[in-house]
Amino acid sequence: MLTLTLTSKNAVHDLKRRFRTVMDAHGIRLGSTNKKIDSILPQLFDVRDIDTMYGLAEKSNRTTAIGDVDQRRLGGSTYKQKDELKHLLRQLDDEEGIAGITVGRRNNVGCNKFGLTFCIETKKGIRRVDTGLTLEREPRELEVLNIFYQIKDYGLEESVKFAAHPVGDDRDGYTVDFNTWSSVSLIGNLSFFLYTMALGDFDGSSESLARAERIMRLDKWHEVVA
């Protein structure tokens with residue numbers, strides 16, 4: 001079985017051009033307009049009409065293309081963002097099934113030094129959510145910890161990864177690119193996660209990991225992921 005993947009209107013335009021080129025090469029003239037092509041292609045792929053074909057291509061791009069699709073930025077208080085993210089996780093788990101979650105740190109987020117980005121992978125695509133949630137201070141850390149308790153309730157703790165280095169800088173604009181993340185499994189790397197999410201780039205020393213353990217509530221985190 002062959003599957004045709006069209007991820008944008010431009011992909012449909014390109015298909016139409018290639019179809020015309022092949023027909024011309026076989027001496028089949030389709031006229032100077034796209035009227036015949038717009039009628040033939042939907043029939044070939046069992047689609048109602050050419051407008052439907054364009055619509056399906058755009059929808060495909062919104063739900064599957066990594067880095068460009070269903071990309072949102074939560075606003076309001078971090079407490080409100082925490083609840084919105086938990087609601088989204090619940091909805092995606094119920095409706096699509098969550099396959100994995102990758103967490104990245106963006107620098108210079110509002111009044112904070114950084115904020116967390118969550119890339120939620122489902123059977124239908126990627127949902128990337130930029131938040132102002134942070135591990136810089138204990139009250140904010142508890143909000144993030146609350147989200148991870150929900151992740152554990154869904155049995156997904158072993159499917160969580162994190163970016164070992166900052167993934168963007170809001171001061172320089174919207175620069176998060178999921179494709180470039182160098183990710184590490186959270187399980188077995190808890191101190192590494194806490195350090196990079198709370199303090200910055202990891203320098204590789206045992207002293208740095210010890211510092212992370214001193215400033216974070218590791219007893220609670222161990223209940224979730226250790």
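The values are calculated or read from the model by the stated rules, or taken from the named source; none is laboratory data. Remember, predicted model here, so these are calculated numbers, not experimental data. Note that we place each Cβ from the backbone using ideal geometry, even for glycine, and neighbour counts take in every protein chain shown. Side chains included, ligands, DNA and RNA excluded: accessible areas come from the protein's heavy atoms. Shrake-Rupley method; radii C 1.70, N 1.55, O 1.52, S 1.80 Å.
Scan region 98-155 for residues that are in contact with a Gly (Cβ under 8 Å, 6 or more places away or on another chain), outside any strand (DSSP E or B) and hydroxyl-bearing (Ser, Thr, Tyr) and jot them down. Correct list: Thr131, Thr134. Total residues in region 11-28 satisfying the condition of being within 15 Å of Ser39 (Cβ to Cβ) and not in a helix (DSSP H, G or I): the figure is 1.
Reported count of residues in region 76-135, each being within 18 Å of Tyr195 (Cα to Cα) and either under 15 Å from the mean Cα position of the chain (by Cα) or open to solvent by less than 30 Å² (accessible area, probe 1.4 Å) (or both), is 16. Within region 35-59, residues that are of a type in the set (Phe, Trp, Tyr) reach partners that are part of a helix (DSSP H, G or I) and open to solvent by less than 40 Å² (accessible area, probe 1.4 Å) with beta carbons closer than 9 Å, at six or more positions or on different chains, in the pairs Phe45/Met53; Tyr54/Val12. Of the residues making up region 182-226, those that are part of a helix (DSSP H, G or I), closer than 25 Å to Gly100 by Cβ, open to solvent by 30 Å² or more (accessible area, probe 1.4 Å) and at pLDDT 75 or above are Phe192, Lys220, His222, Glu223. When Val160 is tested against (1) modelled with pLDDT of 90 or more; (2) open to solvent by 50 Å² or more (accessible area, probe 1.4 Å), only condition (2) is not met.
Can you spot a residue in region 85-105 that is hydroxyl-bearing (Ser, Thr, Tyr) and either in contact with a His (Cβ under 7 Å, 6 or more places away or on another chain) or modelled with pLDDT under 90 (or both)?
No, region 85-105 has no match at all.
As a summary of the residue check, Val69 satisfies the conditions (1) at pLDDT below 75; (2) open to solvent by 70 Å² or more (accessible area, probe 1.4 Å) except for the one numbered (2).
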